[in-house]
Amino acid sequence: MAQNTSLTSLKGVGPALAKTLEKLNLHRVDDLLFLLPLRYEDRTQLVKIGALEAGARCLVSGEVLLAETVFRGRRNLLVRVTDGSGQLTLRFFHFSRQQQAQFHVGTNLTCFGEVRRGASGFEMIHPEYRIMRDGQDAETSDSLTAIYPATEGVQQRRLRSLTDQALQQMLAAPPEELLPSAITRKLGMPSLAEAINYLHRPPPDADTQRLLAGTHPCQQRLAFEELLAHYLSLRNLRVLAAAEDAIALTDGNEDVSGFVKELPFHLTGAQDRVVNDILADLAEPHPMMRLIQGDVGSGKTVVAAIACVKAVACGVQAAIMAPTEILAEQHWRSFSDWFRPLGIEVAWLSGSQRAAARRESLEAIANGGAKLVVGTHALFQEGVNFHKLGLVVIDEQHRFGVHQRMALRDKGVSADGHPHQLVMTATPIPRTLAMAAYADLDTSVIDELPPGRQPVSTVAVPEARRDEVVARVRSACESGQQAYWVCPLIEESEVLDYQAAEASYQMLSASLPDLRIGLVHGRMRPAEKERGMKAFKDGLIQLLVATTVIEVGVDVPNASLMIIENAERMGLSQLHQLRGRVGRGAAQSHCVLLYKSPLGRIAKERLAVLRDTNDGFVVAQRDLELRGPGELLGTRQTGLPDYRIANLVRDAELMPQVQITAESIRKESESRAAAIVRRWLGDASRYGKV
Ligand code: ADP
Ligand code: MG
């Protein structure tokens, strides 16, 4: 097929450029068709200077009022332009004498660039510009200009020429239509070739609004296929994993029911249901890959413990991995309490352990003396060898990367096969997003909180009223409650983080001399941290000042008041997680979000969401809308791939149909499914091997 000819067949592509393109995953002419514009620039109309808005990229035409060089640390060329409706400054940091000489007062020019708010009104930095001869009209384009993804060493102009040629070839030999025609008909989608052509070169009468918003049917056509490709690839991973061997854990039903009977509470209906899902999976001779989603406080830990009871009863080891030392430590404590009556020791492994203790743990893990091991990511590092690892539990999985998850799993690979895998997350994500992100996992949801929990009542209070908040902490603690005071998160700086916590600690100690106050932050030695947490848990400390190290998992039911400083800087899901540290006991709990005024629009919205709801699913949905899926899923760590055209938020409503289509394609034609994955993800699926 002509489409699959090599790139060097194109005009202007020699071996060197072909090599550069190779790095961008462009191997064949066909691949260029799927190098889709990232966005469009609208040069179809002139925008009046008086109507400019910051952030927009616009085409403007005007007359030079003034051109001057000034020193602002370095030399700047400033060109003031007007079109009668307002004034705009063009700012250049690099310019030649020749360039400078072009800008006479009275010269007419058109320019294109991003509008920013400058010191004296709107400005454009290094705009593209063109000087116009007398009587010449400003030139507008007929159609939107496609902007391709930034590709090092290949300019937009070049990409335009290459895609032009590829589009030309496409006329003779369009790429294979891989969606079943029943689907495209049903969804009223344009053909593949039509969509591709339209998106690379939108016609003059294109629906600009929808194209810019990414909701044009041609975009949706391709987004659908891309989502389908990712979904199929994950499903494939799932199928491969399901075909692996694992030890079927069938014994030990009495141990499980005995354990459940001894718990100081009854399982909720939701916990019961999820436990049954897990036990059914474990009894299979193939590895479980199950994700448990449950809001903060829904009781995921005990569900994991039950799975561990089962594993140990069947003679295999179980490992529980948590993302922070504090949380791992807490799990170790809970598991030790739960398993001691059964005569089972729980081993501990962390990065900061002393050498002797570590050696002892490693030995017990290797010889099978340790049936259960709790730890941080130290669990999957080199030198850790399990005797017979049958179950891996990963708590707060969104904090780990896929690779870490896989590494721990690989630790357990033996002649008996792969270990079972249970991953838990308190970041509930909307169903449609979960479909896309977790298609390689089976999912169970704990959608019920233990009885008697009251929603945490939440208020937002400006910094100026800090004294009132301090007084409130005093009266709460005097009446026997415990409180957290969480200190500002300082981006990327553990040092500043801890200094801020230190400062708040000093301030609170001075204003509340009668309270027993503790401090925990990320820079403390683990033993110190642990002492602080334990003292708080045991009620010896009334007020715990902490950095966001307590964000995940920490469970102290008597704590019923939480103050979060600089709440305006934190993300919604994070605030929800933090707030989840209270409201774990029977007492009515409160959360105070202290903020610095004035609040920006998004920050205001965030705080309002928390005030209005305690439901993690609602919070997640709003977070998704405000921040996008990358942040919510921790994309950077999880290795969730970037999409070329689909957007998980914008196109979420396509997911149910994507899922249905994927299942039917899988059934009808494996080769078609494989072709779709190959087209969008290349030969080496970016999800890596199983
Ligand atoms: P999370 O889902 O946030 O990890 P945890 O497992 O830490 O929640 O549980 C929160 C608290 O609820 C713990 O103190 C736990 O002992 C308690 N808990 C769990 N299940 C129940 C239940 N069915 N009834 C009462 N309390 C429960
Ligand atoms: Mg937890």
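In table form, for the structure just shown:
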{"quantity": "Relative contact order for region 99-175, counting Cα pairs under 8 Å that sit 6 or more residues apart, in percent", "calculated": "22"}
{"quantity": "For the chain, calculated [θ]222 nm from helices alone, where every DSSP H run of n ≥ 4 adds -39500 (n - 2.57)", "calculated": "-12000 deg cm²/dmol"}
{"quantity": "Sites ALA357 and THR250 - FRET efficiency at Förster radius 35 Å, r taken between beta-carbons, to 0.05", "calculated": "0.50"}
{"quantity": "Whole-angstrom gap from region 278-344 to region 59-117, using each part's C-alpha centre", "calculated": "65"}
{"quantity": "Range in the chain, longest, excluding exposed trypsin sites (Lys or Arg not before Pro) [loop by DSSP; at most 12 other beta-carbon atoms within 10 Å]", "calculated": "355-688"}
{"quantity": "Under DSSP loop assignment and at most 10 Cβ neighbours within 10 Å, longest GluC sites (Glu not before Pro)-free interval of the chain", "calculated": "153-381"}
{"quantity": "Whole-number percent relative contact order across region 328-446, with pairs defined as alpha carbons under 8 Å at least 6 apart", "calculated": "20"}
{"quantity": "The chain: Rg to Rh, with Rh as the Kirkwood radius over Cα pairs", "calculated": "1.03"}
{"quantity": "Sorted by Cβ density within 10 Å, fewest first, the residues THR425, THR443, THR140", "calculated": "THR140, THR443, THR425"}
{"quantity": "Sorted by Cβ neighbour density within 10 Å, fewest at the top, the residues TYR484, TYR198", "calculated": "TYR198, TYR484"}
{"quantity": "Nearest-20 debye value, the chain charge dipole, Cβ charges on Lys, Arg, Asp, Glu", "calculated": "1300"}
{"quantity": "Dipole of the chain [Lys/Arg +1, Asp/Glu -1 at C-beta], most positive-end residue of GLY121, PHE617, VAL520", "calculated": "GLY121"}
{"quantity": "Bins of 10 Å from zero: percent of alpha-carbon pairs in region 1-111", "calculated": "12, 27, 18, 19, 21, 3"}
{"quantity": "Magnitude of the charge dipole, region 60-151, Cβ model with Lys/Arg +1 and Asp/Glu -1, debye to 20", "calculated": "620"}
{"quantity": "Among beta bridges that DSSP assigns inside the chain, antiparallel share in %, nearest 5", "calculated": "40"}
{"quantity": "Which listed pairs, of LYS48/LYS596; LYS261/LYS300; LYS411/LYS529; LYS300/LYS529; LYS300/LYS537, have C-alpha distances above 27 Å, in listed order", "calculated": "LYS48/LYS596; LYS411/LYS529"}
{"quantity": "Computed over region 36-121: relative contact order in percent, which uses C-alpha pairs under 8 Å that are six or more apart", "calculated": "34"}
{"quantity": "Contour minus Cα-Cα distance for THR215 and ALA242 (0.36 nm per residue)", "calculated": "6.1 nm"}
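Every number in this text was worked out from the coordinates using simple rules, so none of it is lab data. Note that the structure is predicted; figures quoted are calculated from it, not measured. Don't worry about glycine lacking a Cβ; one is built from the backbone with ideal geometry, like all the others, and counts go over all protein chains shown.
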